[in-house]
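K.L.:
So that we are looking at the same thing, I have put the structure below in structure tokens.
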Amino acid sequence: MKKLFTLLMLTGILTLTSVSTYAQDDTTADSEFVEESDTTAVEGDSLVVEEEVAEEPEPVVYEEEEPEQEASFHQRVKEQFIDGGPTFMGIVLLCLILGLAIAIERIIHLNLATTNVKKLLANVEDALNSGGVEAAKEVCKNTSGPVASIFVQGLMRMSEGIEMVEKSIIAYGSVEMGKLERGMVWISLFISLAPMLGFMGTVIGMIGAFDAIAEAGDVSPSLVAGGIKVALLTTVGGLIVAVILQLFYNYLVSKIDSLVNSMEDASISLVDILVKHNLSK
């Protein structure tokens, strides 16, 4: 009996041990499965997120096109000058440079020749009354301008009488007027020459266009365009030069006329002062 009871007890203990071991194995297996499933789920979620991120379209960035900078006035003039041809455009430009140089020199000279006539006459009269003719000569010699030069020539003939003073003033006034008009003929030449050169370039450009048509045997705009463009550019260049120089020329003419009128009025006033001085002696 005791052996049977002991055998049953051992059998039960072994059975319980095997059951507990199996239960532990099942628990471990379940936990590993859960961990694997969780890991798989996390990886699956990350893949979905990555796919979603990858599927999002990247924003298209449009590069702003920089506006084309307009060519400056200087660049446009330079391009048109080159297109017009260096031969005739260079000659027209030379006319402009020479004409402007002469005009600027004349403007400076005429401005320096301008004299305050009223002040000069007052000084001459005071010098005649205080120091005589010689004092008046010194006043005129120390004053610049054609009016003072005419006064010097008139005072130098004072001893020969009023008539000789008048003749001397008229003669030397013509000399001073010629000095004022010096260089004006060159400006007038360039005013006439510039458009003529432009028209010559026009004719030569048209001849080149017709030669191209004759060689090709067909009237094509591309053949004629080059010659016509040269023709028009040279004409425009010559006319622009003529207009600019004509403005300077007219200003100089008006300035010379003003100085000549001033010289004539001053000469008449000087004769009157000399007559009065002789009568007061």
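The values are calculated or read from the model by the stated rules, or taken from the named source; none is laboratory data. Everything quoted here is computed from the prediction, not taken from an experiment. No Cβ is skipped: glycine too gets one built from the backbone with ideal geometry, and neighbour counts run over all protein chains shown.
K.L.:
Only residues that are within 20 Å of residue 105 (Cβ to Cβ) and in contact (Cβ under 8 Å) with a residue 60 or more places away in the chain: list them for the range 137-181, please.
P.N.:
Residues of the range 137-181 that are within 20 Å of residue 105 (Cβ to Cβ), as a first pass: 144-146, 149, 175-181.
Across the range 137-181, the qualifying residues are 146, 176, 177, 180, 181.
K.L.:
Please go through the range 118-151 and give me each residue that is surrounded by 16 or more Cβ atoms within 10 Å (Cβ to Cβ) and not in a helix (DSSP H, G or I), ordered by number.
P.N.:
Matches in the range 118-151: 143, 145.
K.L.:
Shifting gears a bit: Filtering the range 160-186 down to residues that are in contact with a helix residue (DSSP H, G or I) (Cβ under 8 Å, 6 or more places away or on another chain) and among the hydroxyl-bearing types (Ser, Thr, Tyr), which residue is farthest from residue 262 (Cα to Cα)?
P.N.:
Filtering the range 160-186 for residues that are in contact with a helix residue (DSSP H, G or I) (Cβ under 8 Å, 6 or more places away or on another chain) and among the hydroxyl-bearing types (Ser, Thr, Tyr), the one farthest from residue 262 (Cα to Cα) comes out as 168.
K.L.:
Conditions first: (1) surrounded by 15 or more Cβ atoms within 10 Å (Cβ to Cβ); (2) aromatic (Phe, Trp, Tyr); (3) at pLDDT below 85. Residue 210 passes all but one, so which condition is the exception?
P.N.:
(1)
K.L.:
Every residue in the range 131-142 that is under 18 Å from residue 271 (Cβ atoms) and in contact with a helix residue (DSSP H, G or I) (Cβ under 6 Å, 6 or more places away or on another chain), please.
P.N.:
Applying the first criterion (under 18 Å from residue 271 (Cβ atoms)) to the range 131-142 yields 132-133, 136-137, 139-140.
133, 136, 137, 139, 140, listed by residue number.
K.L.:
Would it be correct to say that residue 164 is surrounded by 15 or more Cβ atoms within 10 Å (Cβ to Cβ) and in a helix (DSSP H, G or I)? Break it down into steps so the answer makes sense when it comes.
P.N.:
On the way: surrounded by 15 or more Cβ atoms within 10 Å (Cβ to Cβ): no; in a helix (DSSP H, G or I): yes.
Against the criterion (surrounded by 15 or more Cβ atoms within 10 Å (Cβ to Cβ) and in a helix (DSSP H, G or I)), residue 164 does not qualify.
K.L.:
Does residue 177 meet the test of being modelled with pLDDT under 80, surrounded by 14 or more Cβ atoms within 10 Å (Cβ to Cβ) and either among the aliphatic types (A, V, I, L, M) or in the same structural domain as residue 107 (by TED's automatic domain parsing) (or both)? Can you show your working first?
P.N.:
Working: modelled with pLDDT under 80: no; surrounded by 14 or more Cβ atoms within 10 Å (Cβ to Cβ): yes; either among the aliphatic types (A, V, I, L, M) or in the same structural domain as residue 107 (by TED's automatic domain parsing) (or both): yes.
No: the conditions fail for residue 177.
K.L.:
If residue 277 passes every condition in (1) within 23 Å of the chain's Cα centre (by Cα); (2) in contact (Cβ under 8 Å) with a residue 40 or more places away in the chain but one, which one does it miss?
P.N.:
Here residue 277 meets the rest and fails (1).
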